[in-house]
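Inspection log for the structure reproduced underneath, given as structure tokens.
Please treat every number below as a calculation from the coordinates, not as lab data. As the structure is a prediction and not an experimental result, all values here were calculated from the model. As a convention, Cβ positions derive from the backbone with ideal geometry for all residues, glycine included, and neighbour counts pool all protein chains shown.
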Amino acid sequence: MNQTLLTLGGYPLTAGEVIIGATGALLLILLMLAVFVARTNRDRRFEAAEAAERAREMDDKVAELNRIQAEMTGRLQTIAEIFGSRQQDFARFVAERLDGLQHRVGQGLEVSSRTTGEHIARLNERLAVIDAAQKNLTDLTGEVVGLKDILANKQARGAYGQGRMETIVRDGLPAGHYAFQATLRNGRRPDCLIHLPGDHPLVIDAKFPLESFLAFRGATSDETRRAAAARVKADVSAHVKDIAEKYLVPGETQDLALLFVPSEAVYADLQEYFEDIVARAHRARVIIVSPSLLALAIQVMQSLVRDARMREEAETIQLEVRRILEDVGRLRDRVEKLDTHFRQAQEDVAQIRTSTDKIVKRGERIEALDFDEASPSRDIRAAE
């Protein structure tokens, strides 16, 4: 046993030591195996516990899933029941809405049909009005043709201008302030005399020469137009000269006269193409007027007539105003007297109320037997 078997690092080892070392190593290996087996068993037990825990958790989860599934099944059944009832309600609501919509549509169709009937009736009325207007246009066309014929006839045209001028004068002035076809001292008879207040009458002539104007407006070439323009100037100038010589009578008429043109279109052409004739007429104290200008002049004359009447009636108006002032003065005196009576009545009422209050107080004192030691005469004086 003590025999050396080997040398390790210069240290001799005996058999006993080798056996002891081998035994220790074996024990150490066995110990390590035991520790490894123990650890392996522990790990297996831990894994088994974990597997059991996972299985238990899985069972719990499965149970929870079963519970949730049962709840979902119940909820789905409830939802199905609710949906079924809601579906019935929705169907009933849709049916009611459809019935209401059908009723409203029926009413709308009825109203639309009634409105359409009214519109058709109105349309028929308007068509009747249009037919009447068309008939009036036809009649107006005939009247225009007749007016053209009138303007083509010199005598008829003069009567037309005279009638239109008379209409404007009659509409604007009161009777007695104008005269038609009056005779002057020189034997001439103007178409109209306007009697101005406090002054000489104003002459209006309505015989404007239109033949040359019609030729001027109907000219188709420059040569005929120039010839017609020369004729217009000659005719209008001659007529203006006749008016100035015949109707401007010093001391009897105004120092200017009016030449009436019965057409606004002719007056516009005259102002646009024949300004020299208009200026020459103004220098001759003859004013060329259209229907609108004559109406404006008549309105001015109407204002002059009204002012003259106001001046004539001024004394009467002043007398009436004076009488009104006297009446107002008498009314003021009577009101003052009435006010005095009212004030006196108020004072009397106040005294009566004072006496009444004293009587009431004395009655209350008598009722309460509240007499003082004052003498009756002093009470009477105090009451007064």
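Remarks
- With a simple spin-label model that places each label point 7 Å from the Cα along the Cα-to-Cβ direction, the separation between Glu264 and Glu313 comes to 3.4 nm.
- Tilt relative to the chain, helix 291-312 - C-alpha long axis, 0 to 90 degrees, to 10: 70
- For the chain, a simple Cβ point-charge model (Lys and Arg +1, Asp and Glu -1, everything else neutral) yields a dipole of about 1060 debye relative to the Cα centre.
- Cβ-Cβ FRET estimate between Ala63 and Val94, R0 fixed at 51 Å, reported to 0.05: 0.70
- Rounded to the nearest 0.05, the FRET efficiency derived from the C-beta distance between Phe180 and Leu127 at R0 = 41 Å is 0.35.
- Counted residue by residue at 0.36 nm each, then reduced by the alpha carbon distance between them, the extension gain from Leu325 to Ile19 reaches 93.3 nm.
- Difference of contour (0.36 nm per residue) and Cα-Cα distance, Gln87 to Ile352: 86.4 nm
- What the Cα atoms of the stretch 211-316 give is an Rg and a Dmax of 17.9, 67 Å.
- Listed peptides 120-130, 165-175 by packing density, highest first (mean Cβ within 10 Å): 165-175, 120-130
- Evaluated at q = 0.14, 0.18 Å⁻¹, the base-10 log of the normalised Debye intensity for the stretch 303-371, with identical point scatterers placed on the Cα atoms, takes the values -0.70, -0.82.
- For the chain, the 222 nm mean residue ellipticity estimated from helices alone, with every DSSP H stretch of n ≥ 4 adding -39500 (n - 2.57) and the total spread over all residues, rounds to -28000 deg cm²/dmol.
- Rounded to two decimals, the Cα-based Rg/Rh of the chain, with Kirkwood Rh, is 1.74.
- Dimensionless Rg over Rh [the stretch 188-248; C-alpha; Kirkwood]: 1.18
- C-alpha long axis of helix 222-247 to longest principal axis of the chain, angle in °: 50
- Sites Glu211 and Ser292 - FRET efficiency at Förster radius 35 Å, r taken between beta-carbons, to 0.05: 0.90
- Helix 314-368 vs. the chain, principal-axis angle (Cα, 0 to 90°, nearest 10): 50
- Whole-Å distance, taken between Cα centres, linking the stretch 23-57 and the stretch 184-247: 148
- The convex hull of the Cα atoms of the stretch 71-127, projected and averaged over all directions, covers 4.7 nm².
- For the stretch 153-312, lysine pairs with C-alpha atoms less than 15 angstrom apart, excluding pairs fewer than eight positions apart on the same chain, total 4.
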